[in-house]
1. For VAL587, work out the one condition from (1) open to solvent by less than 40 Å² (accessible area, probe 1.4 Å); (2) closer than 22 Å to GLU370 by Cα; (3) assigned to a loop (DSSP other than H, G, I, E, B) it doesn't fulfil.
2. Mind listing whichever residues of region 393-409 are open to solvent by 20 Å² or more (accessible area, probe 1.4 Å), closer than 13 Å to ALA340 by Cα and either in contact with a strand residue (DSSP E or B) (Cβ under 9 Å, 6 or more places away or on another chain) or in a helix (DSSP H, G or I) (or both)?
3. Would you confirm whether or not region 553-574 contains a residue that is more than 27 Å from GLU41 (Cα to Cα), touching a residue at least 60 places away in the same chain (Cβ under 8 Å), open to solvent by less than 60 Å² (accessible area, probe 1.4 Å) and not polar (S, T, N, Q)?
4. Scan region 330-352 for residues that are open to solvent by 20 Å² or more (accessible area, probe 1.4 Å) and either in a loop (DSSP other than H, G, I, E, B) or among the small types (Gly, Ala, Ser) (or both) and jot them down.
5. Could you tell me whether any residue of region 364-372 is open to solvent by 60 Å² or more (accessible area, probe 1.4 Å), in contact with a strand residue (DSSP E or B) (Cβ under 9 Å, 6 or more places away or on another chain) and β-branched (Val, Ile, Thr)?
6. Exactly one of these conditions fails for ASN324: (1) more than 30 Å from GLN138 (Cβ to Cβ); (2) crowded, with 16+ Cβ neighbours inside 10 Å; (3) free of Cβ contacts under 8 Å to residues at least 40 places away in the same chain. Give me its number.
7. Residues that are more than 30 Å from THR255 (Cβ to Cβ), at pLDDT 90 or above and open to solvent by 70 Å² or more (accessible area, probe 1.4 Å), at least 1 per element: which strands (runs of 3 or more DSSP E) completely within region 432-528 meet that?
8. Can you give me the ranges of the helices (runs of 4 or more DSSP H) entirely in region 46-137 with at least 2 residues that are farther than 30 Å from LYS440 by Cβ and either in contact with a strand residue (DSSP E or B) (Cβ under 6 Å, 6 or more places away or on another chain) or open to solvent by 70 Å² or more (accessible area, probe 1.4 Å) (or both)?
Amino acid sequence: MTDRIVRIGGASGFWGDSAEAAPQLVASGKLDYLTFDYLAELTMSILSRARAQDPAAGYARDFVDVAMRSVLREVVAGGIKVLSNAGGVNPRACAEALQRLAEAEGLALRIAVVEGDDVLSRVDAFRAEDVRDLHSGQPLPAKVMSANAYLGALPIVEALKHGAQVVITGRCVDSALPLAALMHEFGWSARDYDLIAAGSLAGHLIECGPQATGGLFTDWETVEGWDNIGYPIVECRSDGSFVVTKPAGTGGLVTPATVAEQMVYEIGDPAAYLLPDAICDFTAVRMSADGPDRVLVQGARGYAPGPCYKVSATYADGWRCVANITLIGGRAERKARRVAEAILARTRRMFEARGMGDYRLVYSEVIGTEAAFGPHSRIAVNREVVLRLVVEHANRDALELFAAEIAPGAVSWAPGMTSIGGGRPRPSPIVKLFSFLAPKTEFKASATVAGEHWPVPFPAELQETTTAHVATTYTEPLPSLDGVATVEVPLLGIAHGRSGDKGNSVNIGIIARDPKWIGVLRAELTAERVREYFGHFVEGAVSRFDVPGVGAFNFLLQGALAGGGMASPRSDPLGKAFAQMLLDMPVRVPVALLEPPSAAA
């Protein structure tokens, strides 16, 4: 068993990923499993609304109509197993649609459905228990659109044990799909925490598709073949080690740096990445080149998970309208701000006359002025900008009025007001996220395969007290730059970076380009300095975590996204650009470290 390799391809990072991903991976001829991740909180709310209008809806239709339709014959012929959370809020309907497709193609397909995550029917009970949001401490809203627990790998393992070739789940942890495949294939138990952590890391690295194979890479100019970028494959062994690679002949880039960027993406504390199957510690993970476009990953550690599932509910909270208006010519930024003032003053007057009340929120950005950089903007003169004006109101009719009053500005206000991006904006419902914890013992997960039903209880022995755990940290003395000849360079010159959201918080992973820069990063890139740099955004604390295995640090910026995700009015609601902004920050580096080694050396 030690030499056996299980190959898993990640064919989808979100609902809307490329239609070329599944055919590309299947054509590689080297897969045992194909996994698809479709679900985000916003996706769940969209699917909930769809199911409310049509009982046969509520799942990611692209999974059946696009992805599986393109590879179904090859999947069946090659014995490839498919694992997907495309079921959304209606996994049975998704399975039935796939079954109809298989029958139409004359193919036999054993499909399993995993259920137990949907707890919308229990919302009143949770409210009676006075559950509170993990981040804000607020009580559960009166009207909830969806409520789903993040299940782990065990129900999927049960489905595979009973011969499923395709497993369709509702909400589960993204990384649980590949982890379940490895638990099934290698016989890992639910108490093999180091192995569970390793399998979860493999899943984490491929759950966002080509983000592990050169997508979003800091040094993007070194990545060739964007149009045919390779989707990730992990080649896994029973000891928990694995290689990250991609199909031969595809674009993209797989190096320790590209893979490390994905590892630090959206993980919070890297020593305590909380998942339902284990608490994972990635601080000692090591990555090394294993040939062209191949990276060996090893060293993940895990320990017992907590007693609760995370439950995410979504709820509607008023209406939002977003206008994008292009302005060209001298003093463009001043024009944009005056246009915004005129629109708001006019519509507020109209609201008052109609008894509609004021806007609940007004947020404006002048794109083209480096507005996101705040006080660090270097733009002095603007001759072409886009005014992005976001307004919220409890009454949709008020926002319809707002939308109608934008176009008159083309003849009323600033010269050079050239277009309204996308035409008249349309009000859309604001969907917000409410997350809380609930005991695992209250949930009844199950797997249904070919009409047979198997309950999957949470193992009682896993409700043990979590043992003490010590993360790997940097132990070298903190270097002093006092009295040392230094020069300022952008952080980009000595580090890679990647960022993303966690609710209303931002994670920024910073990875040293060379081990010689780790001391400089420790000295210069403190949590306090990062907090100050993003002071125009961050409302909460900033924490720094060590990730010595890959020469990195992870920063957690709390309260940085104006509500985050669906609630945020910003143009970057998911925090994707924070790393790019931080990499522009100047840091002091010793001149001696910039000098190339002598020939004698």
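The values are calculated or read from the model by the stated rules, or taken from the named source; none is laboratory data. Remember, predicted model here, so these are calculated numbers, not experimental data. Cβ placement follows ideal geometry from the backbone for every residue including glycine, while neighbour counts extend to all protein chains displayed. These area figures cover heavy atoms from the full protein model, side chains too; ligands, DNA and RNA do not enter into them. Shrake-Rupley method; radii C 1.70, N 1.55, O 1.52, S 1.80 Å.
1. Every listed condition holds for VAL587 apart from (3).
2. ALA407
3. Checking region 553-574: not a single residue is more than 27 Å from GLU41 (Cα to Cα), touching a residue at least 60 places away in the same chain (Cβ under 8 Å), open to solvent by less than 60 Å² (accessible area, probe 1.4 Å) and not polar (S, T, N, Q).
4. Those that are open to solvent by 20 Å² or more (accessible area, probe 1.4 Å) and either in a loop (DSSP other than H, G, I, E, B) or among the small types (Gly, Ala, Ser) (or both): GLY330, ARG331, ALA342, ALA345.
5. Yes, region 364-372 has at least one match.
6. Unmet condition: (3).
7. Values: elements: 445-449, 452-456, 486-490, 495-502, 505-512.
Per the criteria, 452-456.
8. Hits in region 46-137: 69-78, 91-104.
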